[in-house]
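Here is the structure we will look at, set down as C-alpha cells.
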Amino acid sequence: MKLDGIHHVTCITGDAPANLRFYVGTMGLRLVKKSVNQDVPTIYHLFYADEEGGAGSDITFFEYPGAERGRAGAGMIHRITFRTGTDDSLDFWEQRLKSHGFDSVREDGRLRFEDPEGLNLELVVDTTDDEPLRALHPEIPEEHALMGFDGVRAYSSDISESKDLFEKTLNFDPDDEASWTVRGDTRGSFFAFDESPGRGLQGAGTVHHVAWACPMDVHEDWRERVLAAGMDVTPVIDRFYFKSIYFREPSGVLFEIATQGPGFAVDEPIETLGHDLSLPPDYRHLRAELEKRLTPLPDPRAEDLTR
C-alpha cells in the first residue's frame, strides 16, 4: 500500500478575515469549505484549495480568535511547500508578494516567505507528472497559479525512530537520511526533518497537523498497519467530507490519514463551494447559535479581495 501524498495541512490562525484575504486574495486559492472544527464547533475550520477542493491542495485553518503567534519547534512542521509552474512563475510570485507587502527570499530555485502570522511558506517549480491542482483568480495567470503541495518540513531532535515508521510502516521511500517521498496512484509528496531549534509553542502561524491521503477502501487497513507498529492511533473518525485516523509519529508531529472522498461537494454544489457555512449533520441543529458566535468573514468572491 502507498499513500497518495499529502491530503491537507491544517494550521492555526488568530484572525480569520485577514487569513482569508491572504490565501484567497493574495495567493489565489479558493475558499472551498467554510465549516467548523468538529472537536470545537464554536471555531472555524476554513479550507483553501484548488477550484474543486481536491485532496493534495487544501491548506486549512482553525481560527482561535485573538490567538498569539506561536513558534515552530521540536515535533512541529515549520515549512509548507507548494508547487508552481516554472521559473517565470517564481518571478511572478516574487513580484506579486512584494506588491502586497510581503518580503520573500529566493535561492536554489525556491521562493520562501511568511503569511501574515508568520507561517513559513515556500514555492518550488513542479518537477512531477501529478495533475496540477489550480484555483482560478482574475489576477493570477493559470500558468503561474499554485498547483498543490510538494511537501512539508518539520523539526526533530532524533529521527531514528521516525525512520522505521516512515520506511517500514508507511512505505515512504528515503531521499536521504532525513527526507522521504511517498507516491501513490495519483500523487506524491515529501516529508523532511531539520535539526530542532528547541521547544515550540502552538499558536497563530503554526501547523497543527499534516494529513496523508488514501483511497476509501483501504483506510481501515492503514489503521491496522499503524496500530501494529505500536502507534497510539485513534479509531476511524467520520468527518463527513472524509474519514480520518490520527497518531503522532515518534518525533511528535501529528499525522492524519484521510480518505480521498466523499469530498466537499457532498453537501453543496462545486459552483458555490465555500460561500455559506457548511455544517456536518451532527452540528446542523446548532446553525443559528454558531452563526452568531463565529467571526464575520468578507465575501471570498468580493472584488476587493483580489487587490
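Values quoted throughout were computed directly from the atomic coordinates according to the rules given, and no laboratory measurement underlies them. On a predicted model such as this, the values are computed, not experimentally measured, just so you know. Note that we place each Cβ from the backbone using ideal geometry, even for glycine, and neighbour counts take in every protein chain shown.
For the reader, a short list of remarks on this structure follows.
- Of all residues in the range 273-285, those being closer than 12 Å to GLY53 by Cβ and surrounded by fewer than 16 Cβ atoms within 10 Å (Cβ to Cβ) number 0.
- Residues of the range 204-229 satisfying the condition of being in a loop (DSSP other than H, G, I, E, B) and buried (at least 17 other Cβ atoms within 10 Å of the Cβ): GLY205, THR206, PRO215
- Any hit, the range 242-256, residues being basic (Lys, Arg), loosely packed, with under 15 Cβ neighbours inside 10 Å and under 20 Å from the mean Cα position of the chain (by Cα): yes
- Counted as qualifying within the range 95-170 are the strands (runs of 3 or more DSSP E) with 1 or more residues that are free of Cβ contacts under 8 Å to residues at least 60 places away in the same chain and touching a Leu at 6+ places or on another chain (Cβ under 7 Å), namely 104-107, 110-114, 120-125.
- Residue that is nearest to the chain's Cα centre (by Cα), among those in the range 24-53 that are buried (at least 23 other Cβ atoms within 10 Å of the Cβ) and within 23 Å of LEU201 (Cβ to Cβ): LEU46
- Looking at LEU97, LEU123, LEU146, LEU119, just one residue is in contact with a strand residue (DSSP E or B) (Cβ under 7 Å, 6 or more places away or on another chain), farther than 30 Å from PRO250 by Cα and crowded, with 21+ Cβ neighbours inside 10 Å, and that residue is LEU146.
Listed here are the residues, each with its yes/no results for (1) under 21 Å from the mean Cα position of the chain (by Cα); (2) among the β-branched types (Val, Ile, Thr); (3) closer than 16 Å to LEU3 by Cβ.
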| position | (1), (2), (3) |
| --- | --- |
| PHE190 | yes, no, yes |
| GLN202 | yes, no, no |
| TRP212 | yes, no, yes |
| VAL218 | no, yes, yes |
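- Boolean, PHE247 is of a type outside the set (D, E, K, R) and touching a residue at least 40 places away in the same chain (Cβ under 8 Å): no
- A single entry from ALA204, ALA213 fulfils the requirement of being in contact (Cβ under 8 Å) with a residue 40 or more places away in the chain and touching a Leu at 6+ places or on another chain (Cβ under 8 Å): ALA213.
- Yes/no for PRO174 being more than 23 Å from GLN260 (Cβ to Cβ) and part of a loop (DSSP other than H, G, I, E, B): no
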